[in-house]
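These notes concern the structure reproduced below.
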Amino acid sequence: MTKLIFLRKSVQVLAILFLIAVPILNYLGIHLFIGNFSSSRIMGFSMTMPLEALETIFASQKMYIPILITTIVPVLFTFLFGAFFCSWICPQNSFSEVGDLVHRKFHKRKLLSSKTRYFFIIPFLLIPFIFIIDAIFGITLFSVFHPPAIFARTSLSIVFFGTICIEIILIILILLVEIFGIRRAWCRYVCPLGAFLSIIGFLRIWKVKFNKVSCNDCLSCLSDCPFGNDPRKEPIRCRNCGTCVSKCKKGALNFSAVIMLFLVLSSTYTFAEEENVKKIVKESIRAIYIPMADAYAGIVAFEKYRDKMIYADYSIERMASLAELRAYFISGEIDVAYVMVPLAMDMFLENPNFKCVSLMQRDGSALAINDLLNTYVNLPAKRKDRKPDYKVAGAYAKVKEDLGKPSMCAVSSLLATHSVILYKYLKDHGKSLALGRGDNEDVVAVSVSPINSPSFIKKNNSRGIPASFVQSLPWGDVVETQKIGHVALYSKDVIVWPSGHVQCIVIATDECIKNKKEALREVISYLHKGGMDIETSRNKGGKDLISISDIIRLHIPEHNEEAIIQTLNPDLNVINYKNLNIDKKGIQLIMDLAVEAKILKKTIDIDNFTDESFSITDKKHTW
């Protein structure tokens, strides 16, 4: 084995170790290296393979300059050294070399016929085909079937989830075909990345030089070339693996003399290149919310991950009420809002210039009553025993009988999911709900901002008036921990739905979806990550849960620690941040109830209201 071949095989081993080590380091909380060979971030320096970058552009149908900047180093390396990635780094090539050794045990070496060589054009034809599919269906087709990406996903899946990706079957099939059938089938006749890099590296500096005088026409270079090339003709498909150079006994094949110079230059990247990558302009994603547990995932994502975002300059701003949130979002200054389902639908009926792109959480509301109303109810001591039975509904009827008018129940907005929950509970027990005003119904829902809801029931209690509210958590837990009210029931027991009922959603403007798609996708990914961090912390409890509470209270100090911990109590499980992809049937359920209760004027087209292209399709995300 020559020194060059030894060097190449050493690099191949290091490349495989890199794929294994990165997810392990990430799992341990070390993020110096993130990603894989398709797209990676090494100590803050981002790199993307050019084919994958162009796929992203075709899929999004947007010329995104920052991602093109991240291809500078790979393109420069390829321009200098050709498609070296294929033979020096690609893990598929490493496994195929092992398969090639087995192949030769079953098949004699032979030269490729001229007709077989015509099939070498296939990978080059696949490139435009892939771009067309990307553009039509909005997917990055090759990234799904790219063996190095499959190796990376499998490594990550094993480390994080203890499972093996099903796509590994493709790798096994490729190896079986190459061992028992067509030698090096993937690299020679299929792989469009190798073809694409060969085009970029056509005028490469580092190339095999042929000395015709020294050649004795033994043709061993043709039979030994793993990629089926004729090294004597400097083919565009040469991967610079060095096999022909090491096999040529006459020394007729050698690399150009400048190889050592460029090996030294390629070992580092210049300061100027680093600065170019640092100049990637992040897209601003401004999000607004009101102080409820519905927004917790967005707050955690902001505090823990905003500096890790590559494409998004993510910011959040607190609104006093849903009415203020609505007005601010309509103004056009905001990209994203975390908002209740019925309110979002009412806004959509008014002006359908946005889409629902994700859920924020599931379940997560409570009906709380003041001390006077509890005298009619006599709630159980333990919250887990407080169910949506007839007691509170009966108390509302008794209050109306005693006072001669309906009891008032505060909701964050008449267009909030809270109103739907209250309506559904009353309907289940044969009671009626009025919105805003009414004398004949059993309960009147009035609009009170979440932050004022504790004082609402406290003041009414001091005036001798039984009162209640339905708000997102932890406001019910706030009044109970401060001994000014009681949690009577949780919404998860009123609207029972797989994974939890839909309550708060993420809406994004059409302009944001069109012009900031990658940044928005990144923010949504980290929203899901923030939600899973909350779920992990609630299950661990102790310091982990207190840490989440501390993060939340940076933005919503009115949520006391005891209330937050009670809201996230895993034994109660009254709110969850899992399964946050679009749930059309769950959204439909809330809409149908809202229309039935006359909270909404009419239904909307759920397909037009939602955009599922931002759904997280696997557990890898982008973290």
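The values are calculated or read from the model by the stated rules, or taken from the named source; none is laboratory data. Keep in mind that this is a model prediction, so the values were computed, not measured. No Cβ is skipped: glycine too gets one built from the backbone with ideal geometry, and neighbour counts run over all protein chains shown. All accessible areas refer to the heavy atoms of the entire protein, side chains included, with ligands and DNA or RNA removed. Shrake-Rupley method; radii C 1.70, N 1.55, O 1.52, S 1.80 Å.
Derived scalar couplings between HN and Hα for the stretch 415-424 equal 9, 8, 4, 4, 5, 5, 4, 4, 4, 5 Hz in order, rounded to whole Hz, by the Karplus curve 6.51 cos²θ - 1.76 cosθ + 1.60 (θ = phi - 60°), x for Gly and Pro.
Remark: the stretch 64-216 projects, on average over all directions, an area of 12.5 nm² (convex hull of Cα atoms). A viscosity of 0.692 mPa s and a temperature of 37 °C, combined with the Kirkwood radius over Cα pairs in Stokes-Einstein, give a translational diffusion coefficient for the stretch 1-60 of 246 µm²/s.
Output the antiparallel fraction of DSSP beta bridges having both residues in the chain, as a percent to the nearest 5. Within the chain, antiparallel bridges account for around 60 percent of the total.
Over the C-alpha trace of the stretch 457-582, radius of gyration and Dmax come out as 17.2, 55 angstrom.
Kirkwood analysis of the Cα pair distances in the stretch 443-504 returns a hydrodynamic radius of 12.7 Å. Translational diffusion coefficient of the stretch 284-407 (Stokes-Einstein, Kirkwood radius from Cα pairs, 4 °C, 1.567 mPa s): 73 µm²/s. Near ASN579, no amide H atom lies under 5 Å from its own; only residues 5 or more places off or on other chains count, and H is placed 1.01 Å from N.
Packing, as the average of other Cβ atoms within 10 Å across residues, places the peptides 236-247, 311-322 in the order 236-247, 311-322, highest first. Here the translational diffusion coefficient of the chain follows from Stokes-Einstein with Rh set to the Kirkwood radius across Cα pairs; for 37 °C and 0.692 mPa s it amounts to 118 µm²/s. The dipole here belongs to the stretch 131-228: it is taken about the Cα centre, uses +1 on the Cβ of Lys and Arg and -1 on the Cβ of Asp and Glu, and is about 360 debye. Per the Kirkwood formula applied to alpha carbons, the stretch 497-538 shows a radius of gyration over Rh ratio, Rg over Rh, of 1.08. A Förster distance of 41 Å, applied to the separation of the beta-carbon atoms of SER613 and LEU76, puts the FRET efficiency at 0.80. Between ILE288 and GLU317, VAL336, ALA337, TYR338, the built amide H atoms are under 5 Å apart, and every one of these is 5 or more places off in sequence or on another chain. When peptides 441-450, 474-483, 213-222 are sorted by average Cβ neighbour count within 10 Å, with the highest value leading, the order is 474-483, 441-450, 213-222.
Relative to the current alpha-carbon distance between ASP493 and ARG437, full extension at 0.36 nm per residue lengthens the span by 17.5 nm.
Taken per residue, the accessible surface of the stretch 40-149 reaches 49 Å², heavy atoms only and a 1.4 Å probe.
Here the Karplus relation 6.51 cos²θ - 1.76 cosθ + 1.60, evaluated at θ = phi - 60°, turns the backbone of the stretch 151-161 into coupling constants of 4, 5, 5, 5, 4, 5, 5, 5, 5, 7, 10 Hz, with x for every Gly and Pro.
For CYS504, the amide hydrogen comes within under 5 Å of the amide hydrogens of MET360, GLN361, counting only partners 5 or more places away or on other chains and with H modelled in the peptide plane. Rounded to whole numbers, the Karplus 3J(HN,Hα) couplings from phi for the stretch 542-555 are x, 4, 5, 5, 5, 4, 5, 4, 4, 5, 5, 6, 5, 10 Hz, using 6.51 cos²θ - 1.76 cosθ + 1.60 with θ = phi - 60°, and x at Gly and Pro. Given an 8 Å cut-off on Cα distances and at least 6 residues of separation, report the relative contact order of the stretch 123-180 as a percent. Taking the mean separation of contacting Cα pairs over the length of the stretch 123-180, I get 20 percent. Projecting the Cα atoms of LEU7, LEU322, VAL479 onto the dipole axis of the chain, where Lys and Arg carry +1 and Asp and Glu carry -1 at the beta carbon, places LEU7 farthest toward the positive end. The mean sequence separation of alpha-carbon pairs under 8 Å and at least six residues apart, normalised by the residue count of the chain, gives a relative contact order of 14 percent. Note on the stretch 132-215: Kirkwood hydrodynamic radius from all Cα pairs is 15.9 Å, rounded to one decimal.
In the chain, the portion of solvent-accessible area held by carbon and sulfur atoms comes to 60 percent [1.4 Å probe, whole percent, DNA, RNA and ligands not counted]. Of the peptides 374-383, 591-600, the order by per-residue mean of other Cβ atoms within 10 Å, starting with the highest, comes out as 591-600, 374-383. For the pair the stretch 1-52 and the stretch 332-401, the centres of their Cα atoms are 49 angstrom apart.
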